[in-house]
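**Q** Have a look at the structure that comes next, please.
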Amino acid sequence: MKILGLFGGQSTDGQTYQLMATMLGAVKAPNTTEIINLNDYQLQPDRYQHPNAVLDQLEAKLDEADVWVLASPTYFGTISGQLKQFLDCMRPRLVRMTKKGDSLPGKYKDKHYISISSCFASAWDNTFTHQTDQTFRTIDKAMTTAGLHKITELVLPNTWREHTLPDAKRHAAITIGEKLGQKSRKDDETLKRYLLLFGMIALMSLVTMGIQQLIPVLTTSFLWRYISFVLVFFVLLASLLHYATFMRHKRR
């Protein structure tokens, strides 16, 4: 397998690049890796440049790779300009458009990707203020629209005036890199979602029934038992779903 790193930060001396390089450096042979620094390319949309040799070259690199690793620091709450320009210029090549304006997966469908980001905020600050959320969502939006499947994501907080990777993050990057290329990956997202939903329903039903037992007035009649179960179950399940969908990023 070939793993391709796409770096969209401002400097290869920064920790975002170090994190990606550490991950790719841990990939075991005979798998191969390559890093593309988007700062080395003058990116323009196809309509402004014909023929577009730069996008042709990048497209060929994307074709060859089985896994893409997209790395961008978080600037003003979202991805860097370099990575945004890359995604914007490559959009007609990443997806196929219908006459109705729909964006559908193109030829990269069923490839896999990993997203990496960093921010100045501390781990707990990032957890509660969600500094890196939009960065990951933007990458996820582009990649899933193109039909790619996400392997994982890695975030590095507290980068202000830091120049070396923390041991914990270095170890996490190495662990992910060592697992890449070990076997062909299959899309099991549907099964995961069903298992997650089943687990949520089972847990919330148990908790709801426990709350009903603690408050006897809720079980005085069938109607009260039914109403209280629905209300408590809905509130608990909605809270859990909110956490699983909007707060699932590993911000620390």
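**Q** Please state the charge dipole magnitude for the chain, taken about the Cα centre, from unit charges on C-beta atoms (+1 on K and R, -1 on D and E), reported in debye and rounded to the nearest 20.
**A** With Lys and Arg at +1 and Asp and Glu at -1, about 620 debye.
**Q** To continue, here is another question. Can you compute the charge dipole magnitude of region 1-105 about its Cα centre, using +1 on each Lys and Arg Cβ and -1 on each Asp and Glu Cβ, nothing else charged? Give it in debye, rounded to the nearest 20. If you can, show how the numbers build up before the last one.
**A** Working: 10 positive and 11 negative charges, 77 e Å.
So the dipole magnitude of region 1-105 works out to roughly 360 debye.
**Q** Still on this model: Answer with one residue from Ile36, Leu223, Leu241: the one whose Cα lies farthest towards the positive end of the charge dipole of the chain, charges on Cβ with Lys, Arg +1 and Asp, Glu -1.
**A** Leu223
**Q** Going by a ≥ b ≥ c, the root eigenvalues of the Cα gyration tensor, does region 65-108 fall in the rounded group (a/c under 1.5), the prolate group (a/b larger than b/c) or the oblate group?
**A** On the way: a/c = 2.93, a/b = 1.59, b/c = 1.85.
Because a/c hits 1.5 or more and a/b fails to exceed b/c, region 65-108 counts as oblate.
**Q** Which whole DSSP H helices in the chain pass both tests: a Cα extent of 30 Å or more along the axis and a mean Kyte-Doolittle value no lower than 1.0? Mind showing how you got there, number by number?
**A** Working: long enough: 189-214 (37 Å, 1.03); 222-246 (35 Å, 1.76).
Those that pass (Cα extent of 30 Å or more, hydropathy at least 1.0) are 189-214, 222-246.
**Q** Whenever you get a sec, compute what percent of the accessible area on region 16-140 sits on carbon and sulfur atoms (1.4 Å probe).
**A** Values: 3220 of 6160 Å².
Using a 1.4 Å probe with all protein chains present, region 16-140 comes out at 52 percent carbon and sulfur.
**Q** Let me ask something additional. In Å, what Kirkwood hydrodynamic radius results for the chain from the alpha-carbon pair distances? Before the final figure, lay out the partial values.
**A** Values: mean 1/r = 0.0489 Å⁻¹.
One over the average 1/r among Cα pairs gives 20.4 Å for the chain.
**Q** With springs only between Cα atoms under 10 Å, which of Pro73, Pro166, Pro157 fluctuates most in a Gaussian network model of the chain?
**A** Pro166
**Q** Let's test the formula: R0 of 35 Å, r as the Cβ-Cβ distance of Leu195 and Tyr48. What FRET efficiency results, to the nearest 0.05? Don't jump to the answer; show the numbers that get you there.
**A** Working: r = 47 Å, r/R0 = 1.34.
With a Förster radius of 35 Å, E is 0.15.
**Q** Go ahead and set up a Gaussian network model of the chain, Cα springs under 10 Å, then flag whichever of Ile116, Ile151, Ile215 fluctuates most.
**A** In this elastic network of the chain, the residue with the biggest mean-square fluctuation among Ile116, Ile151, Ile215 is Ile215.
**Q** Anyone know which of Leu240, Leu156, Leu38 comes out most mobile in the 10 Å Cα GNM of the chain?
**A** The residue with the greatest mean-square fluctuation here is Leu240.
**Q** Please give the charge dipole size of region 117-168, origin at the Cα centre, charges +1 on K and R Cβ atoms and -1 on D and E Cβ atoms. Round to the nearest 20 debye. Write down the numbers at each step before the final one.
**A** Values: 4 positive and 6 negative charges, 40 e Å.
In total the dipole reaches around 180 debye.
The values are calculated or read from the model by the stated rules, or taken from the named source; none is laboratory data. Just so it is clear, the model here is predicted, and its values are computed rather than measured. Positions of Cβ are generated from backbone atoms using ideal geometry, with glycine treated the same way; all protein chains shown enter the neighbour counts. With ligands, DNA and RNA removed, areas are computed over all heavy atoms of the protein, side chains included. Shrake-Rupley method; radii C 1.70, N 1.55, O 1.52, S 1.80 Å.
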